[in-house]
Each structure stands twice: as C-alpha cells, then as structure tokens.
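Reviewing the structure listed below.
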Amino acid sequence: MTDNRLFATAWVHAFEEDTAEGAVYRPRGSKLPLSRRPRERIELEADGTARIFVQGPDDRYVEQPARWHDEDGEIVIGAREGSTELRIVDRSPERLVVRVRRKG
C-alpha cells in the first residue's frame, strides 16, 4: 500500500456527513463546524499500527492502541482490546468512509 496521505494525517469524524454507507472522516485541518462533543479520530502508521481516539468519561480523548491490515482492498482497524473494529470501505485524499462495529 502506497497511499501516503492515509498515513500523513489524523482523520477526524465528520459526523454531520455520515451516510448509510458509513461514518465519514476528514483530514485534521479540514473546515468542520464546531461541535460540543469531541470528534473521534483515527491515525494510521505505515508499519501496521494505529490509534483510535474516542471520548472519555470527562470528554477528553482516550487513546485505544490498534493494528490495521488490508483485507481485499479495505483497511480493517482493530483496537487491541478487541472492543472496536473500523473498516475503511471508501477512501480518497480528502475523505474516508468507515464502517464501525463496537463489540460488547
């Protein structure tokens, strides 16, 4: 995989743009409206590691270490504790569409 843009930024959940296909993520620095709730973020590294940042009990981000792999052209990100799986089903330099599955 040689998609450098995928690894060069943090991706921020633009929940206003979510569709039936999945959650929409934009590169950090995109013009997103202000939000009272923290926006989840994901960061991928070329070595197969990832970080998922979710809202904690006090609204600060909590980092969930993760790993990713390519599965038939889709990027699958799994949190190490196994509670979250993200599947990037569509991607461009300015947009990711992600199916989110939370377990338990």
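Each value in this text was obtained by applying a stated rule to the coordinates, not by laboratory testing. All of these numbers come straight from a predicted model, not from anything done at the bench. Positions of Cβ are generated from backbone atoms using ideal geometry, with glycine treated the same way; all protein chains shown enter the neighbour counts.
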Can you give the Kirkwood hydrodynamic radius for the chain, in Å, rounded to one decimal and based on Cα pairs? 13.9
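With Cβ to Cβ distances under 10 Å as the rule, what net charge do the other residues near GLU94 carry (K, R +1; D, E -1)? Can you show the working numbers first?
Numbers: positive: ARG5, ARG26, ARG91, ARG95; negative: none.
Neighbourhood net charge equals +4.
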With the charge dipole of the stretch 24-104 built from beta-carbon charges (+1 for Lys and Arg, -1 for Asp and Glu) about the Cα centre, the Cα from LEU32, GLN64, LEU96 projecting farthest to the positive end belongs to LEU32
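If you place +1 on the Cβ of every Lys and Arg, -1 on the Cβ of every Asp and Glu, and leave all else neutral, what size is the dipole of the chain about its Cα centre, to the nearest 20 Debye? Walk me through the numbers on the way to the answer.
Numbers: 19 positive and 20 negative charges, 82 e Å.
Approximately 400 debye in magnitude.
Please give the calculated 222 nm ellipticity per residue for the chain, where each DSSP H segment of at least 4 residues contributes -39500 (n - 2.57) and the sum is spread over every residue; nearest 500 deg cm²/dmol?
Estimated from H runs of four or more residues: -500 deg cm²/dmol.
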